[in-house]
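Engineer: This structure is in structure tokens; I'll ask about it shortly.
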Amino acid sequence: MLDAVASEETSTEARAQQIPAVDSAAAELQQLVARIASGDQLAFGDFYDRLAPRVFAIVRRVLVDPSQSEEVTQEIFVELWQSAPRYAPNKGGVTTWVMTIAHRRAVDRVRASQASRDRDLRVGIRDHSIDYDSVAETAELRLENQRVKRALEKLTDLQKQAVTLAYYGGYSHSEVSEMLGVPLGTVKTRIRDGMIRLRDEMGVAS
């Protein structure tokens, strides 16, 4: 009994020690961005070393091709250097900011290099079942069709973000939740409501 209590106390203490470590890492990243915003190249080097592996991983997941992924990763960090003065801490953590930009740039590259693909999200919307967790399985569907683009514009920003990440990026609901910094239940609701709205806008039968 005493051993169990002692073990629980140790576990609680360990968790308590992890929280300040996470907060400290986030604070350090914010400080680095502030220094980068003032033109500090040494800070940018440290920033790159910390986040480049994660940025490359998210880009490679979208692009697959390692050479393109390396190229886009470099472009992303150039953009981060240029946009550092516009980073707003009150709108989200540094990691979320970086990962959002990384995903957007990877998607931009896909659109530019694979625009000729005729795979249409309309098919995915028509065949989409009530099990909205299957959204992640349609990662290869592209958003090039103009009707789809116009329909997406009718969604709220929150719905469009969630649907785009799940359909276009191939992310699971839990990954979308982490990237957007919102609860998992909220992500599922956004995707469900977004898909219903898309079907309505495009006149696709469920």
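Engineer: So what's the net charge close to LEU32: Lys and Arg +1, Asp and Glu -1, counting the other residues with Cβ under 13 Å from its Cβ?
Structural biologist: -2
Engineer: Something else now. If every alpha-carbon in segment 51-112 counts as one equal scatterer, what log10 I(q)/I(0) does Debye give at q = 0.16, 0.26, 0.29 1/Å?
Structural biologist: -0.46, -1.07, -1.25
Engineer: For TRP97, what is the net charge nearby, where nearby means another residue's Cβ is under 15 Å from its Cβ and Lys, Arg count +1, Asp, Glu -1? Don't skip to the answer; put the middle values down first.
Structural biologist: Details: positive: ARG50, ARG54, ARG86, LYS91, ARG104, ARG105; negative: GLU28, GLU79, GLU178.
Counting the neighbours of TRP97, the net charge comes to +3.
All of the numbers you see were taken from the coordinates with simple rules; none came from a lab. Bear in mind that the values here come from a model prediction, so they are computed numbers and not experimental data. Here Cβ is always computed from backbone atoms with ideal geometry, including for glycine, and neighbour counts include all displayed protein chains.
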